[in-house]
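The values are calculated or read from the model by the stated rules, or taken from the named source; none is laboratory data. This structure is a prediction, so every number in the text was calculated from the model and none was measured. Here Cβ is always computed from backbone atoms with ideal geometry, including for glycine, and neighbour counts include all displayed protein chains. Note: accessible area is taken over every heavy atom of the protein model, side chains too, but ligands, DNA and RNA are not part of it. Shrake-Rupley method; radii C 1.70, N 1.55, O 1.52, S 1.80 Å.
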Amino acid sequence: MKRKFLTRIILSCFICFGLVMPSALAAEKNEMNAVEGMKGFSPPLGTTASAGSTYIDYYSKFAIDGDLKTKWMARGFSDYIQLNFPEKISFNFVQIAAYATPPSNSSYTIYGLQNGTWKAISSKETRYVKTDVTITDPIEVTPGVYEGLKIEANGGSAWVNLIEITLGLTTTVDSPSIDLKAVPGDSQVTLKWDEVKGAETYTVKYGTESGKYNETATATKDVYGNFVIPGLTNGTKYYFVVSAKVNGVDSEYSNEASATPQGGGSQPDPEPTTGDRAILVVTMTTGLEKEFDLSMKEVNDFISWYESKQAGSGSASYAINKHDNNKGPFSSRKDYMLFDRILTFEISEYTK
């Protein structure tokens, strides 16, 4: 599959399936501020900063003001700075600009705030800091959506000085990520897609206009192959998309799939036929093939039963009339097909 690399910091959930070293894309003006020479962006307007200690008037707010000429300075060799965002932010790297007198190996551990709980989202990372502005290498953190950020810093042989903090999101996305299919039933549609590795839940959005989805449903991680949307109006076409939540981050949406539920499980909008009869070949799970010469109405009735049963309704078996294959002194002969024994079926249309 082709791979594309996207880097951005966002104020809503985006996909985080893989990591590469970060770089940043431009953001809309007044939304996020870039810092010259640094990757990512300053935390959004409204972020509050606090620290364990402050030396003279080198306040913690100066570590997020976007100015490399100001700084936060602690009253000692180790301390912490804490940022609380005005709304949740997705990111997977943090970059620190620092200062040290004398030059020193400084270490940093990053914590993220989720649901009111702080947890470590990086290992302890060491960076060499000089006596002038030092923009250290970005620190990768666990991808996620966070309410706040805390940095525990140790200046080594120097007091802790943090000049600026930026953060951002770098993602590697496999495209396409989710292939969605929709199967109609009676007052319902069954959605099918392949499992997304690491998905915690799936979000389904749907509506009656293409590209406009005014309804939302949440699917558990185990129902990706057979998720039923009930309570739909027969004869109305619905449009669906689905996204996966991985590490608390929502992926991009799938392709749009559509289906029109019909009463009795019959199929909507049938494809044009090229004949009035067909050879139906059903392959069973045992490998046995069964062949039937049927009218198109009988074939369509079989398809309707199969799709309805696949959507979770209907009988477990279906009777197919053998017609001319009725050998013996019988008024009729029927072959009962069990749904869970059918592997595949093939239809070859013709005109008699």
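Here are a few things to note about the model shown:
- Summed over the range 43-57, residues that are in contact (Cβ under 8 Å) with a residue 60 or more places away in the chain and either surrounded by fewer than 19 Cβ atoms within 10 Å (Cβ to Cβ) or over 40 Å from the mean Cα position of the chain (by Cα) (or both) total 1.
- Test result for Gly314, open to solvent by 30 Å² or more (accessible area, probe 1.4 Å), modelled with pLDDT of 85 or more, closer than 27 Å to Gln188 by Cβ and in a loop (DSSP other than H, G, I, E, B): no
- Matching residues in the range 92-101 - criterion: being assigned to a loop (DSSP other than H, G, I, E, B) and either without any contact (Cβ under 8 Å) to a residue 12 or more places away in the chain or open to solvent by less than 60 Å² (accessible area, probe 1.4 Å) (or both): Ala100
- Evaluated against (1) crowded, with 19+ Cβ neighbours inside 10 Å; (2) closer than 23 Å to Thr142 by Cβ; (3) at pLDDT below 90, Glu195 falls short on exactly one condition, (1).
- Any hit, the range 251-271, residues being farther than 30 Å from Ile178 by Cα and at pLDDT 80 or above: no
- Residue match in the range 145-156 (condition: under 28 Å from the mean Cα position of the chain (by Cα), modelled with pLDDT under 90 and open to solvent by 10 Å² or more (accessible area, probe 1.4 Å)): yes
- Number of the exception - Glu346 against (1) under 27 Å from Val241 (Cα atoms); (2) open to solvent by 50 Å² or more (accessible area, probe 1.4 Å); (3) modelled with pLDDT of 80 or more: (1)
- Members of the range 204-262 found to be under 14 Å from Leu191 (Cβ atoms), touching a residue at least 60 places away in the same chain (Cβ under 8 Å) and part of a strand (DSSP E or B), listed by number: Val228, Phe240, Val241, Val242, Ser243, Ala244, Ala257, Ser258, Ala259
- Gly76 falls short on exactly one of the conditions (1) modelled with pLDDT of 50 or more; (2) open to solvent by less than 80 Å² (accessible area, probe 1.4 Å); (3) assigned to a strand (DSSP E or B), and that condition is (3).
- Selected residue (only one of Gln114, Gln82, Gln95 is at pLDDT 90 or above and more than 28 Å from the chain's Cα centre (by Cα)): Gln82
- Candidates Glu36, Glu87, filtered to the one that is among the acidic types (Asp, Glu), under 33 Å from the mean Cα position of the chain (by Cα) and assigned to a strand (DSSP E or B): Glu87
- Annotation: Lys29 fulfils all but one of (1) open to solvent by 80 Å² or more (accessible area, probe 1.4 Å); (2) modelled with pLDDT of 95 or more; (3) farther than 20 Å from Glu140 by Cα; the unmet one is (2).
- Filtered residue count, the range 102-125, keeping only those that are loosely packed, with under 14 Cβ neighbours inside 10 Å and in a loop (DSSP other than H, G, I, E, B): 5
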